[in-house]
Amino acid sequence: MPTVLANVNDLLEKMVLEETGEYASTGGRKAKSIGINKSYCHAMGILITANHIEMVLVNLGDEIIKKDRIRLKFTAELSYCTEVAQKVKTFLEGELAKDTLLGIGVAIPGIIDQKERIVLKSHALGIENYSLRFLEQALEIPVYFENDANAAMLAEKKQMYPNAIYLSLNHTLGGAFCIDGKLFRGQNQKAGEFGHMILVPGGRKCYCGKAGCADAYCAASVLTQDNRQSLDAFMEKIESGDEKNLQTWNAYLDHLAVLISNLRMAYDMDIILGGDVGGVLSDYMIPLGEKVMAYNGFEHDVSYLKNCSYKKEASAVGAAKYFFTKHMAEL
């Protein structure tokens, strides 16, 4: 007890913790409740896509206190880095939180060499061996770069999912997984590329050039007809009972169930359903679970299937949260 009290008092002095109220009296002096001071520090997250940047400002309680999505077409020109930096400056203008800003986490769809600050390859952005140092210099504060699917995994609470797979069901299909609360990256930073596992040999052609990849059957682009309609519009048609779209949806769930069953067999971990499609799957867990069970005869339930914590801003939030973990380790 003396050690705990000393540590708590130390954190109270540093303002990491704060008194949040009092408990009901049990006969003596009322006990005080103590919790995280959410305003102690903040971090910013950015998700870069081919046509947009998504920005969030997050407090220590993992709450998004400000967000914005701006149309900005990616280019490999230096002017793009300058423009992103200007958008960040505008986003933070007038924010008291910028005085406690630890850094900016940048999530990028691609394979990243973090040590050298290079995007080795990004199909979504159409780049190879692209240096991130210009962007880092333009932002002028500490920057952390992360693959978008890895960043989405970081957005989840490690205490809840120390060992888990994250399926990022966005326009393209990505993935990540944690072991003992730490991202597993693989020998060549390619761990979690579930989108390019062969799901249907000789099947549909994937953007990578192979045939039958999981991406060609389980990415959000399958439902949006490669962005010819929005996912929201597709789901509205499902709810209205549109027969053609229901057939597409059922086929999608079938293929997703096969992918989930294979991943469960290989890794025996919780599987978090994230990304754009993951954000709408919470209302369809029963039919999805029934399909998964049909492919998995070794388990009696699908309680290992989890819905993501953030439906829209997961990658940006996860990139931002890196700075909280780093800062707390240094206290």
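The values are calculated or read from the model by the stated rules, or taken from the named source; none is laboratory data. Source: prediction; values computed, not measured. Glycine also receives a Cβ, built like all others from the backbone with ideal geometry; neighbour counts cover every protein chain displayed. Please note that ligands, DNA and RNA were not included when accessible areas were found on the heavy atoms of the full protein model with its side chains. Shrake-Rupley method; radii C 1.70, N 1.55, O 1.52, S 1.80 Å.
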Using just the C-alpha positions of the stretch 112-167 as equal point scatterers, what log10 of I(q)/I(0) does the Debye formula give at each q in 0.19 1/Å?
-> -0.79
Sites excluded, chymotrypsin sites (Phe, Trp or Tyr not before Pro) in DSSP loops with at most 13 other C-beta within 10 Å, longest stretch of the chain | 24-297
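Over the chain, what relative contact order in percent results from Cα pairs under 8 Å that are six or more residues apart?
18
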Set Lys and Arg Cβ to +1 and Asp and Glu Cβ to -1, take the dipole of the chain about its Cα centre, and tell me which of GLN225, LEU132, TYR267 lies farthest positive.
-> LEU132
Phi to ³J(HN,Hα) by Karplus 6.51 cos²θ - 1.76 cosθ + 1.60 over the stretch 312-322, Hz, x for Gly, Pro | 10, 10, 4, 5, 5, 5, x, 5, 5, 5, 3
In degrees between 0 and 90, to the nearest 10, how far off the longest principal axis of the chain does helix 2-13 point, with axes built from Cα atoms?
-> 90
Taking a threshold of 27 Å on the Cα-Cα distance, which of the pairs LYS115/LYS321; LYS32/LYS67; LYS87/LYS190; LYS182/LYS205; LYS205/LYS291; LYS157/LYS190 fall above it?
-> LYS32/LYS67; LYS87/LYS190; LYS182/LYS205
Hey, rough spin-label estimate for GLU18 and ALA6, points 7 angstrom out along Cα→Cβ, what's it come to in nanometres?
-> 2.8
How much of the accessible area of the chain, in percent, comes from carbon and sulfur atoms when a 1.4 Å probe is used?
-> 51
Sparse-neighbourhood loop sites, GluC sites (Glu not before Pro) in the stretch 236-331 - DSSP loop, at most 14 other Cβ within 10 angstrom = GLU299
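In debye to the nearest 20, how big a dipole does the chain give about its Cα centre with +1 on each Lys and Arg Cβ and -1 on each Asp and Glu Cβ?
Working: 35 positive and 41 negative charges, 76 e Å.
With only Lys, Arg, Asp and Glu charged at Cβ, the dipole is about 360 debye.
Do any GluC sites (Glu not before Pro) in the stretch 14-113 lie in a DSSP loop with no more than 16 other beta carbon atoms within 10 Å, and if so, which?
Details: sites: GLU18, GLU19, GLU22, GLU54, GLU63, GLU77, GLU83, GLU93, GLU95; in loops: GLU63, GLU77, GLU93, GLU95.
Loop-located and lightly packed - GLU63, GLU77, GLU93, GLU95.
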In degrees rounded to 10, the 0-90 angle between helix 78-92 Cα long axis and the longest Cα principal axis of the chain is 50
antiparallel share of DSSP beta bridges within the chain, to nearest 5, in %, is 65
Measuring from the lowest to the highest alpha carbon on each principal axis, how far does the stretch 1-159 reach, largest first, in angstroms?
-> 68, 31, 22
Exposed trypsin sites (Lys or Arg not before Pro) absent: longest stretch of the chain, with sites in DSSP loops and at most 12 other Cβ within 10 Å deemed exposed | 229-331
When the Cα centres of the stretch 60-109 and the stretch 166-190 are compared, how far apart do they sit, in Å?
-> 24
